[in-house]
Amino acid sequence: MESSGDPIQDIRAGWDAHVAFGLANPGFYTLMYGKVRPGHSPNAQSRPSRILRGITARAAEQDRLAVPSDQAAAHILVTNIGVTLRQIILATPDPVLSNAVREGAIAAITSRRARTSNQLTAAMELAAAHPDVLGKTETELLIKWLGRLVDDSA
């Protein structure tokens with residue numbers, strides 16, 4: 001796959017391609033990911049894992065991850081494998097589940113909610129430290145509004 005230039009979007013596209021491959025090739029997929037032996041990783045897993053680590057490294061370079069890039073890659077891979085194996089076992093595609101788990105996994109590694117909350121809190125602290133910039137009433141109102149957003153994002 002070609003990179004879109006957005007590593008988070010590339011994770012989404014890679015996730016969807018991974019699931020599609022598994023559903024189209026269930027026998028081969030279960031050889032790759034379904035036969036588990038402690039300390040053994042089939043060679044067929046190495047290329048997809050390397051590609052994913054490259055994507056999460058780019059996301060880390062762009063400061064878009066809340067966890068180390070190797071941890072992000074592992075988080076995405078294990079959830080992607082689990083979703084794919086479940087659909088193979090049930091012999092039923094479940095795109096709603098796949099999309100929901102994909103977005104949950106992305107939210108977990110990017111921590112959008114926590115990052116937003118931290119940014120809003122920082123803005124509140126900045127406003128409180130410099131009430132003369134906006135004026136007393138405006139600063140109080142801004143802090144009140146930002147506080148609501150922090151509460152809502154939590």
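The values are calculated or read from the model by the stated rules, or taken from the named source; none is laboratory data. Only a predicted model underlies this, so the values are computations on that prediction, with no experimental measurement involved. Reconstructed Cβ throughout: ideal geometry from the backbone, glycine too, with neighbour counts over all protein chains shown. These accessible areas exclude ligands, DNA and RNA; they are computed on the full protein's heavy atoms, side chains included. Shrake-Rupley method; radii C 1.70, N 1.55, O 1.52, S 1.80 Å.
A Cβ distance below 7 Å, combined with a sequence gap of six or more or placement on separate chains, defines the contacts here; from segment 49-69, residues that are farther than 24 Å from residue 33 by Cβ reach residues that are open to solvent by 60 Å² or more (accessible area, probe 1.4 Å) in the pairs 66/115.
Taken over segment 6-29, the criterion of being under 16 Å from the mean Cα position of the chain (by Cα) and without any contact (Cβ under 8 Å) to a residue 12 or more places away in the chain is satisfied by 6, 9. Beta carbons closer than 6 Å, at least 6 apart along the sequence or on distinct chains, pair a first residue in segment 90-107 that is more than 17 Å from residue 75 (Cβ to Cβ) with a second that is part of a helix (DSSP H, G or I) and of a type outside the set (Val, Ile, Thr) for 93/23; 93/87; 94/87.
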